[in-house]
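Below you'll find the structure, written out as structure tokens, and then a few comments.
The values are calculated or read from the model by the stated rules, or taken from the named source; none is laboratory data. Just so you know, these numbers come straight off a predicted model, no measurement behind them. No Cβ is skipped: glycine too gets one built from the backbone with ideal geometry, and neighbour counts run over all protein chains shown.
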């Protein structure tokens, strides 16, 4: 049967609404994090900017307290990358997504681990991480001493990939810092991961937060494969994009008017909005490479203008004095006066979170 065709702009507005980027929402941070199936969190402070852009009146101390109380954790899950998730999601998703970590390890370190007894390495590493947190460098040293003939770096990654772990606090707390240290999920949360959620549930949650989307999109976001059979057995709405590809959606997925205005939004490093589809043109029509900078986060990221990725931002704190600080906006095209004013207004709000509201905002075009 003929499918309803959704334009790129219609998909853009649907995604922005579901990501709470058309209008900031209200409510606890845990509710939004659960609804979005986590927030990307390789840069440990990035989720603070992600939540600030999505929640009205967001208080960074709320997120820090949720991490301290272990109601939220940072763990490697979707795509074998670090996400900030609820404790319940961490416990229920780890086993479901374990094949992604296994495949990632083999792809990255298969040659280095040839001949090694990976099961023995992981068992010993799990025992260590169940007792106390270990940085990867410390884990590397201990494993290398025990098995000097095998690649110590690869062994440390095998443990971190194949053992369900969390990144422990104080790393990731607002205004604090600490080493990137790992501990087992079971020892940190006091419960073992269990496979109590079917893959169907994960696909439905993805579509509710990122849809309408293709099978390839779901697979890109999760890192899982062979999801066509899962999508086919679900009761979903079916659309087509402007190139005829089938897109799937939950029955009650909102589709706002494509002409709905989209406000300027600052996104942090690695925001899932930009990384969770195989076809990312709905928010990145030019196909520009998404910058993936190192660092702790909350200092740089991307900027949505009329719903699309059209600029980058970077907060310079000033090495010598506060007078040298700036919020630097680098746009990918010439900005209109109205766009620049909107960016300045939203940027001034961002500075109340990450810096000093008196910090000057400067502009450049690449």
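For residue 73, state whether it is at positive phi, crowded, with 23+ Cβ neighbours inside 10 Å and outside any helix (DSSP H, G or I). When the stated conditions are applied, residue 73 does not pass them.
From the list 263, 285, 256, which one is touching a helix residue (DSSP H, G or I) at 6+ places or on another chain (Cβ under 8 Å), buried (at least 17 other Cβ atoms within 10 Å of the Cβ) and part of a loop (DSSP other than H, G, I, E, B)?
Answer to the selection: 263.
Within the range 36-44, not a single residue is more than 27 Å from residue 163 (Cβ to Cβ) and in contact (Cβ under 8 Å) with a residue 12 or more places away in the chain. For residue 239, indicate whether it is on the phi < 0 side of the Ramachandran plot, outside any loop (DSSP other than H, G, I, E, B) and in contact with a helix residue (DSSP H, G or I) (Cβ under 6 Å, 6 or more places away or on another chain). So residue 239 fails the test.
Only one of the listed residues (108, 156) is modelled with pLDDT of 95 or more, outside any loop (DSSP other than H, G, I, E, B) and over 30 Å from residue 16 (Cβ atoms). That residue is 156.
Against the definition (modelled with pLDDT of 95 or more and in contact with a helix residue (DSSP H, G or I) (Cβ under 8 Å, 6 or more places away or on another chain)), how does residue 67 come out, yes or no?
On the way: modelled with pLDDT of 95 or more: yes; in contact with a helix residue (DSSP H, G or I) (Cβ under 8 Å, 6 or more places away or on another chain): no.
No: the conditions fail for residue 67.
Yes/no per residue for (1) assigned to a loop (DSSP other than H, G, I, E, B); (2) modelled with pLDDT of 95 or more; (3) crowded, with 16+ Cβ neighbours inside 10 Å:
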residue: 187; (1), (2), (3): no, yes, yes
residue: 195; (1), (2), (3): yes, no, no
residue: 200; (1), (2), (3): no, yes, no
residue: 203; (1), (2), (3): no, yes, yes
residue: 216; (1), (2), (3): no, yes, no
residue: 235; (1), (2), (3): yes, yes, no
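The sole residue among 115, 125, 144 that is more than 25 Å from residue 79 (Cα to Cα), touching a helix residue (DSSP H, G or I) at 6+ places or on another chain (Cβ under 6 Å) and either free of Cβ contacts under 8 Å to residues at least 60 places away in the same chain or in a helix (DSSP H, G or I) (or both) is 144.
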